[in-house]
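Report on the following structure.
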Amino acid sequence: MGRDLVLELPTDVHSIERAVDLVMNRCLSRAGHARRLDLNFRVGLTEALSNAMLYGNADDPSKSVVVEISHEAGVIRATVRDHGSGFDPSTVPDPTRPENLARPCGRGLFLMRQLLDEVWFNDRGNEVTLVLRLDAGGPFEGGAEA
């Protein structure tokens with residue numbers, strides 16, 4: 001699967017919306033399934049970019065975030081990589097548990113796992129890959145692997 005689009009973004013949350021719009025326009029022009037793309041993929045990618053900038057790069061403007069998008073045979077894949085030290089996703093608390101409802105962490109990862117068909121991290125924990133199968137389920141269906 002080749003890369004269709006590669007972006008290097010500054011660590012600036014104001015750049016997220018424009019980058020996601022660019023990715024969505026590229027994806028929508030090459031694939032159908034606008035609802036799953038516009039709902040599931042848009043939210044998942046936005047959360048991945050936010051996490052990479054705010055947590056991975058610690059909101060450090062001297063660091064960047066790299067996004068690679070590929071599309072092949074009904075599958076859209078986004079890889080988001082930051083320049084932080086990484087983390088262990090298995091240690092992120094489940095935000096739906098009563099004791100975690102008021103805690104600010106874990107919601108973005110939860111959303112990614114719920115909205116996309118696959119979510120996986122590299123060993124270092126500074127790169128996440130999001131996979132959306134365009135022929136799978138309805139606009140809010142999807143499982144995930146961690």
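The values are calculated or read from the model by the stated rules, or taken from the named source; none is laboratory data. These figures come from a predicted structure and were not determined experimentally. Note: ideal-geometry Cβ built from the backbone for every residue, glycine included; neighbour counts use all protein chains shown.
Restricting attention to the range 108-137, the residues that are in contact with a helix residue (DSSP H, G or I) (Cβ under 8 Å, 6 or more places away or on another chain) and farther than 20 Å from residue 37 by Cβ add up to 4.
Would you confirm whether any residue within the range 94-109 is within 25 Å of residue 11 (Cβ to Cβ) and modelled with pLDDT of 90 or more? Step through it out loud before you land on a result.
We begin by selecting, within the range 94-109, every residue within 25 Å of residue 11 (Cβ to Cβ); these are 95, 103-109.
If we keep only those that are modelled with pLDDT of 90 or more too, we end up with 109.
Yes, the range 94-109 contains at least one residue that is within 25 Å of residue 11 (Cβ to Cβ) and modelled with pLDDT of 90 or more.
Inspect the range 33-43 for any residue being more than 12 Å from the chain's Cα centre (by Cα) and in a loop (DSSP other than H, G, I, E, B) and give the result as yes or no.
First, pick out the residues of the range 33-43 that are more than 12 Å from the chain's Cα centre (by Cα): 33-39.
Now drop any that are not in a loop (DSSP other than H, G, I, E, B), which leaves 33.
Scanning the range 33-43 turns up at least one residue that is more than 12 Å from the chain's Cα centre (by Cα) and in a loop (DSSP other than H, G, I, E, B).
In the set (1) buried (at least 16 other Cβ atoms within 10 Å of the Cβ); (2) in contact with a Leu (Cβ under 8 Å, 6 or more places away or on another chain), residue 66 fails one condition alone, (1).
Here the condition is being farther than 14 Å from residue 23 by Cβ, free of Cβ contacts under 8 Å to residues at least 60 places away in the same chain and assigned to a helix (DSSP H, G or I); of 49, 54, it holds for 54 alone.
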